[in-house]
Structure formats: structure tokens, C-alpha cells
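Engineer: This is the structure I want to talk about, given as C-alpha cells.
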Amino acid sequence: MANINIINALIRITFGLTALAWATANMARKPWCTSYLIVAVLAAMKVGEGITRFCPITAFFANYRREQAMRIKDETTINPT
């Protein structure tokens, strides 16, 4: 189920591949530095989100907002009895 639009997906793929290329180039020069590995993993995650058009963080917040709206709706409902 896609929860991001096509433009957002293309942006994620573009910046993810750019960051992945940057991180792997720097890992080749400094293999002992773990921060480049973290950037590479996060960039690969963004590429994957762009390809599948599904972002788990966006899904979490959409579900959270939906639950909050339901809770507010239940609180404002007046029992006529």
C-alpha cells in the first residue's frame, strides 16, 4: 500500500542514491569510520522507500492521527439517554 506520492518517491530515490554514492566513496577512503556506514544504511533505506512508495514513519503518524481523531470524536459524542 503506497502512502507517498510519485514526486516524493522520486525525490527519495534521487537523494538516497546520491547519499549512498557519497557514503560508499568515503568508506573506500576511510574504512575504519563507522559514520559513513550509518549514512549508507539510511540512504539505502530511503532508496527502498522510494521504490516501494511506502514509508513506515509516515504510516505510523497517519495511524496515530487517525486514532486521535477517533478518540476526540468519541469524547465529543453526547449520550442522549
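The values are calculated or read from the model by the stated rules, or taken from the named source; none is laboratory data. Bear in mind that the values here come from a model prediction, so they are computed numbers and not experimental data. For neighbour counting, all protein chains shown are included, and Cβ atoms are generated from backbone atoms with ideal geometry for every residue, glycine included. Please note that ligands, DNA and RNA were not included when accessible areas were found on the heavy atoms of the full protein model with its side chains. Shrake-Rupley method; radii C 1.70, N 1.55, O 1.52, S 1.80 Å.
Engineer: Multiply the residue gap between L17 and A2 by 0.36 nm, knock off their C-alpha separation, and tell me the result in nm, one decimal place.
Structural biologist: 3.4 nm
Engineer: Taking the 0 to 90 degree range and rounding to the nearest ten, how far is the long axis of helix 6-29 tilted relative to the main principal axis of the chain, both from C-alpha atoms?
Structural biologist: With rounding to tens, the tilt is 40 degrees.
Engineer: Shifting gears a bit: Using the basic label-point model (7 angstrom from Cα toward the beta carbon), what is the I51 to A25 distance in nanometres?
Structural biologist: Inter-label distance under the simple model: 2.2 nm.
Engineer: Next question, about the same structure. What dipole magnitude, in Debye to the nearest 20, does segment 25-68 give about its Cα centre under +1 on Lys/Arg Cβ and -1 on Asp/Glu Cβ? Display every interim value, and only then the final one.
Structural biologist: On the way: 6 positive and 2 negative charges, 25 e Å.
Using only the charged Cβ atoms, the result is roughly 120 debye.
Engineer: Could you tell me how many degrees, from 0 to 90 and to the nearest 10, lie between the Cα long axis of helix 35-52 and the main elongation axis, the longest principal axis, of the Cα atoms of the chain?
Structural biologist: 50
Engineer: Taking Cα Rg over 2.2 N^0.38 Å as the quantity of interest, determine which of [x] 1.69; [y] 1.19; [z] 1.24 was computed from the displayed structure.
Structural biologist: Answer by label: [x].
Engineer: Whenever you get a sec, compute what percent of the accessible area on the chain sits on carbon and sulfur atoms (1.4 Å probe). Write down the numbers at each step before the final one.
Structural biologist: Values: 4460 of 6370 Å².
The C+S portion of the solvent-accessible surface of the chain is 70 percent.
Engineer: Please work out the average accessible area per residue across the chain, using the 1.4 Å probe convention, and give it in Å².
Structural biologist: Solvent-accessible surface per residue comes out at 79 Å².
Engineer: Using the Cα centre of the chain as origin and beta-carbon charges of +1 (Lys, Arg) and -1 (Asp, Glu), tell me which of G50, F60, T18 is placed farthest towards the positive end of the dipole.
Structural biologist: Going by the Cα projections, it comes out as T18.
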